[in-house]
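J.: Below is a structure I'd like to ask you about.
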Amino acid sequence: MRSKSYDVIVIGGGVVGCAILRELSSLNLKVALLEKFDDVSCGASKANSGIIHSGYDCKPNTLKAKFCVEGNKMAQGLCHDLEVPFKNTGSLVVGRSADLTEIKRLYNQGLENGVSGLEIIGSAKLRELEPNLKTDYIHALWAKTASIISPYMKTIALAESAMQNGAKVYLNSEVVKIDNLGGLEKAQGGFKFRLHTASNQTFYTKCIINAAGAGASIINELAGAEALEQKYRKGDYFVSDLSEKGLVNTIIFPTPSPLGKGVLVLPTVDGNVLFGPTAIDIDDGFDTSVSRDGLDLIVASTSQMVNNINWDNMIRVYAGVRFISGDDFVIEVSDKVGGFITVGGICSPGLTAAYPIAQYVKGLYKTHINKKATDKANFNPIRKRAKYFTEMNEIELRDRIKANPSYAKIVCRCETISEGEIMDAVNSPLKPTSTDAIKRRVRAGMGSCQGAFCQAKIMALIAKKRKVKISKVGKK
């Protein structure tokens with residue numbers, strides 16, 4: 001039992017769960033994370049817009065507003081410590097003449113939330129920032145602190161940072177049963193819960209933090225905690241080829257509607273252009289199928305905002321699901337089950353708010369569950385990664401190839417990813433076992449051919465490292 005017993009177990013390997021794990025790894029505790037899929041960032045954390053929001057659109061005096069503004073302020077420093085791609089682009093809420101009242105409302109709401117760098121601009125400045133914007137857009141709210149990141153790389157980096165500070169991550173570990181040991185706590189050495197996974201593992205813990213995303217309501221039910229009502233809203237996206245780089249320079253939002261921020265156009269940190277999302281209410285939180293109607297709506301909406309979109313240069317479509325529980329995040333210590341914390345309904349701006357959420361949860365844990373928890377003297381906030389081929393100058397590349405000739409073997413030609421980089425990923429702390437997991441780490445397979453030419457080579461490299469047949473290596 002002792003080999004799989006922990007002070008705290010976090011359920012869910014999305015960006016919020018991994019951020020909580022990293023924060024808890026700064027305490028003198030034995031902590032672990034259980035994730036149902038073969039990698040972290042397999043749910044909403046990989047299928048979103050990758051935006052660090054400024055916070056003007058959050059309802060004042062909510063957790064969303066508080067944590068979004070705080071998260072925006074710490075985002076660049078956190079990404080620097082984790083070596084995660086980050087770019088400050090700013091964002092625009094663009095409008096026609098009839099939209100100026102709403103733009104002013106958002107501006108005033110942003111000021112109330114404590115957002116800095118807000119400005120209402122007119123047509124001349126709009127054309128300067130976005131030459132391809134349609135000319136009937138003549139007003140905009142310019143939020144200068146909005147930025148873009150890679151959401152899945154951030155999630156992976158948070159998990160690896162936690163692991164280097166002693167935390168454990170168990171993949172392919174879906175929690176299917178939770179025993180509340182109740183009066184047996186003393187007999188079990190103080191452990192309050194016994195968790196069973198679909199892969200026949202058993203874990204003991206004194207505290208559960210439920211950050212299971214689409215499955216959060218199920219985990220609450222398994223533990224006997226308060227019911228968590230969740231709605232699911234799906235969003236479809238298009239991703240362009242790198243040839244569309246420069247189409248837009250900022251994150252361009254339409255004036256929002258009651259369903260959300262609307263269908264937007266934005267650059268990614270890797271140079272692609274993203275179009276979406278839609279907002280379609282669904283019943284199944286794990287339904288990520290893409291609909292023709294959704295894609296048609298994206299084409300119609302964004303073509304009304306931006307000129308010169310080449311729809312022939314789209315290389316990927318995907319869908320993500322937002323988890324909504326009322327009007328705000330649900331972050332609370334259970335009154336029904338001792339040692340249980342719910343972190344649910346984390347929809348937009350969850351990516352921005354993830355680390356302040358983690359700090360808040362850490363505070364709840366220390367206040368309500370374990371007042372004796374102490375800070376770890378040797379906590380290391382810096383997570384290093386191997387430098388990418390495309391980041392190196394000629395001298396660095398020559399030296400790297402001389403030390404390791406595998407860096408001269410290009411496997412993914414679309415993205416210029418070498419065998420050396422793929423093997424760096426295979427050998428990383430959170431070891432990837434599928435081609436999609438490799439893709440999230442080094443972008444091999446994210447180019448124009450979407451892995452048609454390199455996927456078999458990547459499978460062979462993973463199989464060789466794991467000493468298994470290539471048939472045992474999957475896409476995900």
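Every number in this text was worked out from the coordinates using simple rules, so none of it is lab data. No experiment lies behind these values; they were computed from the predicted model shown. A quick note on method: Cβ atoms are made from the backbone with ideal geometry, for glycine too, and the neighbour counts reach across all protein chains shown.
J.: Using every alpha carbon pair in segment 108-155, what percent of pairs falls into each 10 Å bin from 0 up to the bin containing the largest distance?
T.: Using 10 Å bins, I get a P(r) of 22, 37, 31, 10 for segment 108-155.
J.: Still on this structure, please answer the following. Give me the lysines in straight-line cross-link reach of Lys66: C-alpha distance below 19 Å, same-chain residues under 8 apart excluded.
T.: Cross-link targets: Lys144, Lys261, Lys362.
J.: If you take the Cα Rg of segment 238-351 and divide it by 2.2 N^0.38 Å, with N the number of residues, what do you get? Could you put the intermediate results ahead of the total?
T.: Numbers: Rg = 17.1 Å, N = 114, 2.2 N^0.38 = 13.3 Å.
Segment 238-351 yields a ratio of 1.29.
J.: Further question: Strictly under 4.7 angstrom between C-beta atoms: which cysteines of the chain have no such partner?
T.: When partners are defined as cysteine Cβ atoms under 4.7 Å apart, the chain leaves Cys18, Cys42, Cys58, Cys68, Cys79, Cys207, Cys347, Cys414, Cys449 without one.
J.: Once every Cα of segment 124-230 carries one equal point scatterer and solvent is ignored, give the base-10 log of I(q)/I(0) from the Debye formula at q = 0.11, 0.13, 0.18, 0.21 Å⁻¹, two decimals.
T.: Here the Debye-derived log intensity ratios amount to -0.59, -0.70, -1.02, -1.22.
J.: Given a Förster distance of 30 Å, report the FRET efficiency between Gln359 and Ser289 from their Cβ-Cβ distance, rounded to the nearest 0.05. Numbers along the way, then the final one.
T.: Details: r = 36 Å, r/R0 = 1.19.
Computed FRET efficiency for Gln359 and Ser289: 0.25.
J.: Starting with the highest mean, order 372-385, 112-125 by the number of other Cβ atoms within 10 Å, averaged over the residues of each peptide. If you can, show how the numbers build up before the last one.
T.: Values: 372-385: 12.3, 112-125: 15.5.
Ranking, from highest mean packing down: 112-125, 372-385.
J.: May I ask for the net charge around Thr250, where only other residues with Cβ less than 10 Å from the Cβ of Thr250 are counted and Lys, Arg are +1 while Asp, Glu are -1? Each step should come with its number before you reach the end.
T.: On the way: positive: Lys144; negative: Glu130.
With Lys, Arg at +1 and Asp, Glu at -1, the neighbours total 0.
J.: Cross-link partners among aspartates and glutamates for Lys469, C-alpha distance below 17 Å, same-chain residues fewer than 8 apart left out?
T.: none
J.: For segment 325-386, just the Cα set please: Rg and Dmax, both in angstrom.
T.: When restricted to Cα atoms, segment 325-386 yields Rg and Dmax of 14.5, 46 Å.
J.: Going by a ≥ b ≥ c, the root eigenvalues of the Cα gyration tensor, does segment 56-137 fall in the rounded group (a/c under 1.5), the prolate group (a/b larger than b/c) or the oblate group? Numbers along the way, then the final one.
T.: Working: a/c = 3.13, a/b = 1.36, b/c = 2.31.
Oblate is the answer for segment 56-137, as a/c is 1.5 or above yet b/c matches or exceeds a/b.
J.: Across segment 114-183, how large is the tail of the calculated P(r) beyond 17 Å, expressed as a percent of all Cα pairs?
T.: Working: 1689 of 2415 pairs.
Every Cα pair in segment 114-183 considered, those over 17 Å come to 70 percent.
J.: Shifting gears a bit: List the pair-distance distribution P(r) of segment 32-72, using every Cα-Cα distance, as the percent of pairs falling in each 5 Å bin from 0 up to the bin containing the longest distance, rounded to whole percents.
T.: 5, 21, 18, 15, 17, 15, 8, 1
J.: Against the 2.2 N^0.38 Å scaling, with N counting residues, where does the chain land? I'd like the Cα-based Rg ratio to two decimal places.
T.: The value comes to 0.99.
J.: Under the Kirkwood approximation applied to all pairs of distinct alpha-carbon atoms, what is the hydrodynamic radius of segment 175-318 in Å?
T.: 18.5
J.: A further question on this structure: Students often get this wrong, so check it: of Lys234/Lys336; Lys87/Lys384; Lys245/Lys476; Lys64/Lys234; Lys439/Lys467; Lys154/Lys402, which have C-alpha atoms separated by over 25 Å? It would help to have the intermediate numbers written out before the result.
T.: Working: Lys234/Lys336 32 Å; Lys87/Lys384 19 Å; Lys245/Lys476 28 Å; Lys64/Lys234 20 Å; Lys439/Lys467 20 Å; Lys154/Lys402 31 Å.
Too far apart for the 25 Å limit: Lys234/Lys336; Lys245/Lys476; Lys154/Lys402.
J.: How big is Rg to Rh over segment 332-467, alpha-carbon atoms, Rh as the Kirkwood inverse-mean-distance radius?
T.: On the way: Rg = 20.9 Å, Rh = 18.4 Å.
Rg/Rh: 1.14.
J.: Students often forget the sequence filter, so: which lysines lie under 16 Å Cα-Cα from Lys134 once same-chain residues fewer than 8 apart are removed?
T.: Straight-line reach from Lys134, under 16 Å: Lys125.
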